[in-house]
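J.: Please see the structure below; I have some questions.
Please treat every number below as a calculation from the coordinates, not as lab data. Values in this document were obtained by computation on a predicted structure and should not be read as measured data. Quick reminder, even Gly has a Cβ in these numbers, built from the backbone with ideal geometry, and neighbours come from all protein chains shown.
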Amino acid sequence: MRGFESHPYIPNSVPDVQAEMLKEIGMSSLEELHKNVPELLKLKEEMNLPEAFGSEYELRRHVERLLSKDTDCKKNLNFLGAGCWQHYVPAICDEINGKGEFLTAYGGEPYNDEGRFQALFEYESMVAELVDMDVVNVPTMDWAQAAATTARMAQRITGRSTLLVPEYMDAEKKKVIENYAECCLKMVSVKCDCMGHLDLEDLKSKINEDTIGVYFENPGYLGVIEPNGQKISDMVHEAGGLSLVGVDPISLGVLATPPSYGADIVCGDLQPLGIHMYYGGGQSGFMATRDEEKFVMEFPSRLFGLAPTSKPGEYGFGDVAYDRTSFGHHREHGKEYVGTQSALWGITAGVYLATMGPQGMAEVGKKIMANAQYAVKKLNEVPGVKANAFGSAFFKEFVVDFNGTGKTVADINKALLEKGIFGGKDLSAEFANLGQSALYCVTEIHTKEDIDTLAAALKEVLQ
Amino acid sequence: MKRIDRSSKVRTGFHQAKWDEPIIYELSTPGERGILVGQPEKAVAEEVEGEAAIPAGMARNTKLNLPEMSQAAVLRHYSRLAQQTLGADVNIEIGQGTCTVKYSPKVNDQLANLVREYHPLQDESTVQGMLQIFHETDKYMCEISGMDRFSFQPSGGSQGIMTMASLIRAYFKDKGEDRDEIITTIYSHPSDAAAPHVAGFKIIFLQPDPKTGVPDLEQLKAVAGPKTAGYIVANPEDTGVYNSHVKEFVDYIHSIGGLCAYDQANANGLLGVTRARDAGFDMCFFNLHKTFSTPHGCGGPACGATGVQKDLVKYLPAPLVGFDGQKYFFDYETPSNACAVGKVREWYGVAQVVLKAYCWIRSLGPNGLYQVAKTAVLNNNYLFKKLMELPEVSAYYEDGHNQRVEQARYSLENLEKETGIGTLDIQRRMMDFGMHYWTSHHPFYLPEPMTLEPTETPSKKDIDEYIETLKYVFKEAHEDPETIKTAPHRSVTHQVDESEMDDPAKWVLSWKTYLKKCE
């Protein structure tokens, strides 16, 4: 007999209830259901899967035991970043996104899911302030997807087909864009100079009438603050292209906002704003533009807007320009596609920004910069190590050049791991020209003691 | 005391939480703080420049206008907004047809918190447990679908469809064939057309036969040809109707050299009953946030796990998770194929969602999954029978043989003709009883559509309550249509005036533009 009587997740698996319901529809057994599935296609055998645990407790024990083999960034000292960063997550963020009403909501209307709409409208409003734009989308999957959509939005606006991107760009993000935009644009790399900045001469030589725009990041993938944002924007604008800027939102309490140096579309990842790393599952992408029709109408995402209701004094919400999206009447002729993405993280980022306030955002930026600079200083005291190899201003990440140590990053990280330290991301495969270098990330969670521990461990490892 | 009369099954006394909550900016008081961040340690500050190191012109020079609130005020505000949201934890979820909103077990949420502090670039040796979960969930997905390998990178159903379209593109690029058409049906999800279009394909729609509700094979043969790259389809479609001839469709597409991709967003009624590969499909995706119970999260984080048959594994985005008999490892073999799909998401996928799906499968086992499918279909057919007894409700493609699978699309055209009350009116009124109700994707191909999907979660009593509530509202449509026309009355807000939502001069997309645009 196939089936599972009285399973706690399946109330109508109670045999009497099941029999009563079957009778109501003129059947005597579950086998009579699925009448329209041809016999040929029906699975005759039970699936080859492990039998169900006998209790919730057994499941818990099993999973806890499996994961007890692992270790994480809380039990170790972590200096990995590269697109997923360890920041402090205020307790209130977990409290709110763990609330069952938010956690289990989905596609209800703005009447009975009003709170979902309002929370996301408020997130849009706060991120708009953070990046100094007017319009922000209900979040997409991650920064890579946001960058890919930014590229396609710009492609449609300009009608051109070449996107310029920096040489020092996250290779995985580049692959996501390549796949997503394969049919409508190609990417051309612009060299970076010895400071890690975009090489303006090379940029100039590559901008032409087919240039959609320049996509660059601030801070860049390798942590460097790009000081020539305005020059880059001016150059691309002059050629009729757009300035497209990726940002780390937690930097914007202290760093200039992209529109202040000419950005037309801003994108980035919300993960630093109150979201745990979840092994890469905490990512959440956003795009932002000015409130101009030519930009707004190119968003593929849902955009929640404020509206009056039939009752004076009441806020209502709804979808702005819904028919723009593939959910509207035009399906594939809408803008790209929309679907389930990462809305819960949008709400969480809103909670984070409201909790931090302007002062908190400025302070966290300052603390991150101070800690990261201190780390560079301490690491530079280690013989053979060159931290912040570019010698440029940086935010929370920086390249550590180990070429002078005679050891590989892989070996160094292995030795650090034995001391409970996760060393920075090995860049040797991604950027061969940097040789044995690693990308280190230092944030507000690191103490002086943590950084001193790293420096001491490196000294030992490199002896 | 006298017994209190609770005989009515309809919650006429319901009122959703309504706090008349201001926009968060209106709660701000200059100087209030939600959290202390702290200053750099003194010994650190003494040795560094800090923010003075920011290059000229690169420091923030505009005021950061965020709310200034105490922590309690932030918590209260969002707690109220949560209460103003009808999540599945507080609601009988029957009304969000096609969305498979089922119970999300709390133990799974708690266990997923164990991976909160994992970094995706940690050494493989430090994440053997999590890699085992990826690897085993891959194997379970293969067993459930008949496919040979899964990628968890796609982070939603639509990204799953995009991934399938990308795989089809990669396959033909590798073969050097120029095929640029995808065939789908009008009752498959809008993304089955939209996502392949993003991947560069032209879209061809098959229309349903007016009697059976699914296209006939001749229609497929008329449009399929040397330009056909693939057939991407849901089965059952949004209507809940299952195409019994699906294998013939798949075989035909194969006979002309195309690939077949199965949108399994509607798989909840098919677990352990029939498998994508057995019908010949080359690839498919599952929504782990739907069928496999990981919560929907207001619309993600999610996973559209995408699987392929063995010949296509080499096109999957890397890495996959392998096992050499002793340890789990990332398998980067596929990118050695120049035509493979490079990446659709950084790293490996939404790990916590994969973990929750793993837990759910392990809580049910093969018999439990089968019971899920059978009960979801039983619940739906019970609901279907009861609703079709009502004069207000009809269904297209209903010839007595078209047994619905896990959901059904109905029509309220009889009700609308008689009373002037249409499906959008009923939708708003159902909210006054704490119920979701969904119409259809756009455009509405059927008049006055209503799409319901009970899943395996509600009890018979819950389903009866939903039916009784619909009956109550239908009666009202005859007797007191004005109450319905002006609904909702007991939801969070009253009717939203959407007249300015499409007007660039008037739409309001953030608080700052509200202050700017609205006098």
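J.: Can you give the net charge of the other residues whose Cβ lies under 11 Å from the Cβ of residue A:410, counting K and R as +1 and D and E as -1?
T.: With Lys, Arg at +1 and Asp, Glu at -1, the net is -1.
J.: Under a Cβ-Cβ cut-off of 13 Å, what is the net charge of the residues other than residue A:448 that fall near it, where Lys and Arg count +1 and Asp and Glu count -1?
T.: -3
J.: While we're looking at this one, here's another question. Non-local amide H neighbours of residue B:305 (under 5 Å, H modeled in plane, Pro and chain starts lacking H): which ones?
T.: Under 5 Å from the amide H of residue B:305: B:286, B:288.
J.: Order these by the 10 Å Cβ neighbour count, fewest first: A:247, B:341.
T.: So the residues, fewest neighbours to most, are A:247, B:341.
J.: So, one more: Could you state the number of Å between the C-alpha centres of the range A:423-457 and the range B:339-356?
T.: The two parts, judged by their Cα centres, are 25 Å apart.
J.: Which whole-Hz ³J(HN,Hα) couplings does the range A:161-173 yield from phi under the Karplus relation 6.51 cos²θ - 1.76 cosθ + 1.60, θ = phi - 60°, glycine and proline marked x?
T.: 9, 10, 10, 8, 9, x, 4, 8, 10, 4, 4, 5, 4
J.: Now for a separate question. In deg cm²/dmol and to the nearest 500, what is the mean residue ellipticity at 222 nm of chain B if only DSSP H runs of at least 4 residues count, each as -39500 (n - 2.57), divided by the residue total?
T.: Calculated mean residue ellipticity at 222 nm is -10500 deg cm²/dmol.
J.: Zone of residue A:156 (label point 7 Å along Cα→Cβ, backbone N under 18 Å): which residues in the range A:180-217?
T.: A:180-186, A:212-213
J.: Follow-up question, since we're still on this one. Just counting partner chain Cβ atoms within 10 Å, what average do the residues of peptide B:398-408 show around their Cβ?
T.: Taking the mean over all residues of the peptide, I get 2.
J.: Right, another one. Using the Karplus equation 6.51 cos²θ - 1.76 cosθ + 1.60 (θ = phi - 60°), what ³J(HN,Hα) coupling, rounded to whole Hz, does each residue of the range A:85-94 give in order, writing x for Gly and Pro?
T.: Running phi through 6.51 cos²θ - 1.76 cosθ + 1.60 with θ = phi - 60° gives 10, 8, 10, 6, 9, x, 3, 5, 5, 5 Hz.
J.: Give the long-range amide H neighbours of residue A:338: residues separated by 5 or more places, or on another chain, with amide H under 5 Å away, using H modelled in the peptide plane at 1.01 Å from N.
T.: So residue A:338 has HN proximity to A:326, A:327.
J.: What is the sum of charges around residue A:142, taking Lys and Arg as +1, Asp and Glu as -1, for the other residues whose C-beta is under 12 Å from the C-beta of residue A:142?
T.: Taking every other residue near residue A:142 into account, the sum is -1.
J.: Oh, and also: Filter the GluC sites (Glu not before Pro) in the range A:307-404 down to the DSSP loop ones having no more than 13 other Cβ atoms within 10 Å, then list what survives.
T.: A:381
J.: Here is a follow-up. Using the crude model of +1 on Lys and Arg Cβ and -1 on Asp and Glu Cβ, and no other charge, please compute the dipole size for the range A:11-67 relative to its Cα centre, in debye to 20.
T.: Around 200 debye, computed over the range A:11-67.
J.: Suppose every K and R has +1 on its Cβ and every D and E has -1 on its Cβ; what is the size of the dipole of the protein assembly as shown about the Cα centre, in Debye to the nearest 20?
T.: For the protein assembly as shown, the charge dipole is close to 1080 debye.
J.: What is the antiparallel percent of DSSP beta bridges lying wholly in chain B, to the nearest 5?
T.: So the antiparallel bridges amount to about 55 percent of the total.
J.: Between the DSSP loop rule and a limit of at most 10 other Cβ atoms within 10 Å, which GluC sites (Glu not before Pro) in the range A:1-92 are left?
T.: Hits after loop and neighbour filter: A:45.
J.: Past 26 Å, Cα to Cα: identify those pairs from B:9/B:485; B:211/B:475; A:174/A:231; A:366/B:516; A:294/B:290; B:102/B:461, in the order given.
T.: Over 26 Å apart, Cα to Cα: B:211/B:475; A:366/B:516; A:294/B:290.
J.: Restricting to the range A:91-352, what percent of DSSP beta bridges are antiparallel, rounded to 5?
T.: Expressed as a percentage, antiparallel bridges in the range A:91-352 total about 40.
J.: Quick one: compute the contact order of the range B:392-519, relative version, from alpha carbon pairs under 8 angstrom and 6+ residues apart, as a percent.
T.: Reported as a whole number, the value is 24 percent.
J.: Can you pull the mean other chain C-beta count within 10 Å for peptide B:347-355?
T.: 5
J.: Which ³J(HN,Hα) values, rounded to whole Hz and listed in residue order, are derived for the range B:220-232 from phi using the Karplus coefficients 6.51, -1.76 and 1.60 in 6.51 cos²θ - 1.76 cosθ + 1.60 with θ = phi - 60°, glycine and proline given as x?
T.: 4, 4, 5, 9, 7, x, x, 8, 6, 8, x, 10, 10
J.: Please give the length that would be gained between residue B:337 and residue B:388 if that part of the chain were fully extended, namely 0.36 nm times their separation in residues minus their C-alpha to C-alpha distance (nm, one decimal).
T.: Using 0.36 nm per residue and subtracting the Cα-Cα distance, I get 13.0 nm.
J.: Could I ask something else about it? Tell me, B:142, B:298, A:194 in order of fewest to most beta-carbon neighbours within 10 Å?
T.: Taking fewest neighbouring Cβ atoms as first place, the list is A:194, B:142, B:298.
J.: Per residue of A:435-442, count partner chain C-beta atoms within 10 Å of its C-beta, then hand back the mean as an integer.
T.: Per residue, the average neighbour count from other chains is 0.
J.: Now, a different point. State the Cα centre-to-centre distance between the range B:259-337 and the range A:72-132 in whole Å.
T.: The range B:259-337 and the range A:72-132 have Cα centres spaced 27 Å from each other.
J.: Right, here's the next one. Taking R0 as 30 Å, what's the FRET efficiency between residue A:171 and residue A:333 from their Cβ-Cβ distance, rounded to 0.05?
T.: Using R0 = 30 Å, I get an efficiency of 0.35.
J.: Let me ask another. For residue B:19 and residue A:234, what is the calculated FRET efficiency with R₀ set at 41 Å and r taken between the beta-carbons, to the nearest 0.05?
T.: For R0 = 41 Å, the calculated efficiency reads 0.25.
J.: Which whole-number percent is the relative contact order of the range B:24-147 (Cα, under 8 Å, 6+ apart)?
T.: Rounded, it is 27 percent for the range B:24-147.
J.: If you count, for each residue, the other Cβ atoms within 10 Å and average over each peptide, how do B:389-398, A:340-349, A:125-134 line up from highest to lowest?
T.: Result, highest mean Cβ count within 10 Å first: A:340-349, A:125-134, B:389-398.
J.: Residue B:52 to residue B:139: extension gain in nm, 0.36 nm per residue of separation minus the Cα-Cα distance?
T.: 26.0 nm
J.: So who's got an amide H within less than 5 Å of the one on residue A:192, skipping anything under 5 residues away but keeping other chains? H placed 1.01 Å off N, in plane.
T.: For residue A:192, whose amide H was placed from the backbone, the distant partners under 5 Å are A:167, A:168, A:199.
J.: Output the peptides A:116-124, B:76-84 sorted from most to least packed, where packing is the average of other Cβ atoms within 10 Å over each peptide's residues.
T.: A:116-124, B:76-84
J.: Rounded to whole Å, give me the distance from the Cα center of the range B:161-210 to that of the range B:11-87.
T.: 44 Å
J.: Ranked by Cβ crowding within 10 angstrom, fewest neighbours first, how are A:267, B:260 ordered?
T.: B:260, A:267
J.: Still on this structure, I have one more. Remind me, relative contact order of chain B in percent, using alpha carbon pairs under 8 angstrom and six or more residues apart?
T.: 20 percent
J.: Also, quick follow-up: Can you work out the FRET efficiency for the pair residue B:204 and residue A:205, with r the C-beta to C-beta distance and R0 = 41 Å, to the nearest 0.05?
T.: Taking R0 as 41 Å, the efficiency between residue B:204 and residue A:205 is 0.40.
J.: What is the range A:11-67 by shape, rounded, prolate or oblate, if you read a ≥ b ≥ c off the alpha carbon gyration tensor as root eigenvalues and call it rounded for a/c under 1.5, prolate for a/b larger than b/c, and oblate otherwise?
T.: Oblate shape, in that a/c is at least 1.5 and b/c is the bigger or equal ratio.
J.: According to the square roots a ≥ b ≥ c of the eigenvalues of the Cα gyration tensor, what is the shape class of chain B, taking rounded for a/c under 1.5, prolate for a/b larger than b/c otherwise, and oblate for the remainder?
T.: oblate
J.: So for each of B:423-433, B:282-292, B:443-453 I average, over its residues, the number of other beta carbons within 10 Å; can you give me the resulting order with the highest mean first?
T.: B:282-292, B:423-433, B:443-453
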